[in-house]
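Novice: One structure coming up, written as structure tokens, with questions to follow.
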Amino acid sequence: MEHVTNRLAEFIARLTYGQIPGKVIENVKKCLLDSLGCAIFGSSFKWAKIVNDFVRSQGGIPEATLWSTDFSGPAAAVVLGNGTMIHSFDFDDYHMTKLHPGSVVIPAALAIGEKEHIDGISLITAVVSGYETMTHVSRGANPAASRLRGWHLTGTCGTFGAAAAAGKIWQFDAQTMACALGMAGTQSAGLWAFTADGSHSKRFHPGRSSQSGIIAASLAQRGYRGPTKILEAEDGGFYKATSNGFSFSRIFEGLGERFDTQNVAIKPYPACGSLHSSIDAVLSLRKEYRIDTEKVKKINVYNSEVVNVQCGFDYSPMGPLQGQMSLKYCVARALMDGMLSALQFKDEKLSEPAVVDLAGRVNFIKHDEIDRIYPRKFPSIVEIIMDDGKTYKLRVDFPKGSKQNPMTWKEVEVKFRINVSDVISERKAVEIIDLVKNLEKIKDVSKLTCLLKA
């Protein structure tokens, strides 16, 4: 297929606020509030502080705010910290194309929006442009195939979304947008090696993608020519390089007709989104049958092979990320505690002998039907077998937070308040909530970013 990148660029350049359905705008507001709450909460973690210290050390022109600090710097610098903070505890929004779009797109849109003093309507349009770009690029890549080659799609596809958001604010025409996408794609990166040793690199990927996208758009704005066939090029194109199952036609499925932004999920649990249906099932079974974990013989989880590769590894305590990505730990911990909050990922919980023992009794079993539909859907079947032979089994097709089982505005607000409660005042929290709820009425988004300063 020819002109793939240009067709996508044309869609982004032509998108207007008036074309965005009301339900999509409602979900953008939820995602924005949730992302800001995740960032404020995430600012206290070691890996976020290291990145923020690095950003501050570089100095530069004060264009945009590094959230939860008193520092302002170049937009292309502060987004590295802001994106890392949002994704700092794997609590941020996700889409079924195996992406965390908020942690990439929202930092880019808010940083350039603050720099240019745009209004709330322009911010919404930029965020939707970025979300749609990320999800459609990932869909074309065949996210399961790309993931099995070791790529973290938030990192690889995120650069496109950030460039689209920035380019939308700068009102790029289609040709300039294509150059921005080209420069974004040539910077795509993000490898999955972090589960091998519990490293911090996953937290860093969204911030780096957001930064690369802004650099790409900034260069295009100045007339730099990017490769306008970055997606489809036979030699060195994004799809040929990152997937063996890509499809150009899938990029354009529903583009501009049904908005993927409406389907972005808000997380009730700070764990990999692919595990949420399993967690829901375990919590439901525990509540209904009052299961004694000491009498559990084994727990079978039926799911996709991609989930097994990504999360089915043998669990050993190596820090919060290892627990958040572990099918075995999350299932065991949820069954033991009847909940899965940030508290369940503290060091003493992660290394508790009883949970390590129970995690060793959790088994992955490939389910052919689930394997075929993942990641278009994220279902899971959990089967708990007791020592006396009793079996409890439940299938969950739509995890809490998904489009089919969404979190309400009130639930997102409660999550935000909990996340920020130890970091900012109640008064400031209420101000942020009110501004986001009435985002389309804001004349200058700097009114919002001002509240994100320390």
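Novice: Does G120 satisfy the criteria of being surrounded by fewer than 24 Cβ atoms within 10 Å (Cβ to Cβ), modelled with pLDDT of 95 or more, in contact with a Leu (Cβ under 7 Å, 6 or more places away or on another chain) and over 15 Å from V445 (Cα atoms)?
Specialist: no
Novice: As an exercise: evaluate Y224 against (1) touching a residue at least 40 places away in the same chain (Cβ under 8 Å); (2) within 28 Å of S316 (Cα to Cα); (3) surrounded by fewer than 24 Cβ atoms within 10 Å (Cβ to Cβ) and give the number of the one condition it does not meet.
Specialist: So Y224 meets the others, but not (2).
Novice: Please specify each residue of the range 296-317 satisfying the condition of being part of a helix (DSSP H, G or I) and either of a type in the set (S, T, N, Q) or buried (at least 19 other Cβ atoms within 10 Å of the Cβ) (or both).
Specialist: Once the filter is applied, which keeps residues that are part of a helix (DSSP H, G or I) and either of a type in the set (S, T, N, Q) or buried (at least 19 other Cβ atoms within 10 Å of the Cβ) (or both), the range 296-317 yields V306, V307, N308, Q310, C311.
Novice: Right, something else. Check the range 203-216 and report whether any residue there is among the small types (G, A, S) and farther than 26 Å from L36 by Cβ.
Specialist: no
Novice: Any residue at all in the range 374-382 that is of a type in the set (V, I, T) and in contact with a strand residue (DSSP E or B) (Cβ under 9 Å, 6 or more places away or on another chain)?
Specialist: Within the range 374-382 (the criterion being of a type in the set (V, I, T) and in contact with a strand residue (DSSP E or B) (Cβ under 9 Å, 6 or more places away or on another chain)), the answer is yes, since at least one residue qualifies.
Novice: Kindly list the number of the only condition in (1) in the same structural domain as P317 (by TED's automatic domain parsing); (2) of a type in the set (V, I, T); (3) in contact with a Gly (Cβ under 6 Å, 6 or more places away or on another chain) that fails for I384.
Specialist: With (1) in the same structural domain as P317 (by TED's automatic domain parsing); (2) of a type in the set (V, I, T); (3) in contact with a Gly (Cβ under 6 Å, 6 or more places away or on another chain) applied to I384, the lone miss is (3).
Novice: Here's another thing I want to ask about it. Looking at the range 377-402, which of its residues are in a loop (DSSP other than H, G, I, E, B), under 19 Å from A281 (Cβ atoms) and of a type outside the set (S, T, Y)?
Specialist: Residues satisfying the conditions are K377, F378, P379, K390, D397, F398, P399, K400, G401.
Novice: Out of S35, S68, S72, S88, I need the residue that is assigned by TED's automatic domain parsing to the domain that holds V127 and surrounded by fewer than 24 Cβ atoms within 10 Å (Cβ to Cβ). Which one?
Specialist: Being assigned by TED's automatic domain parsing to the domain that holds V127 and surrounded by fewer than 24 Cβ atoms within 10 Å (Cβ to Cβ) holds for just one of S35, S68, S72, S88, which is S72.
Novice: Here's something else I'd like to know. Of all helices (runs of 4 or more DSSP H) completely enclosed by the range 19-102, which ones contain at least 3 residues that are within 15 Å of the chain's Cα centre (by Cα) and at pLDDT 95 or above?
Specialist: 22-42, 75-86
Novice: If you don't mind, there's one more thing I want to ask. Could you name every one of the helices (runs of 4 or more DSSP H) located completely within the range 236-295 that has at least 3 residues being in contact with a Phe, Trp or Tyr (Cβ under 6 Å, 6 or more places away or on another chain)?
Specialist: The qualifying helices (runs of 4 or more DSSP H) are 276-289.
Novice: Could you tell me whether S446 is surrounded by fewer than 19 Cβ atoms within 10 Å (Cβ to Cβ) and polar (S, T, N, Q)?
Specialist: In short, yes.
The values are calculated or read from the model by the stated rules, or taken from the named source; none is laboratory data. Treat the numbers as computed from the prediction; the structure is a model and nothing was measured. Reconstructed Cβ throughout: ideal geometry from the backbone, glycine too, with neighbour counts over all protein chains shown.
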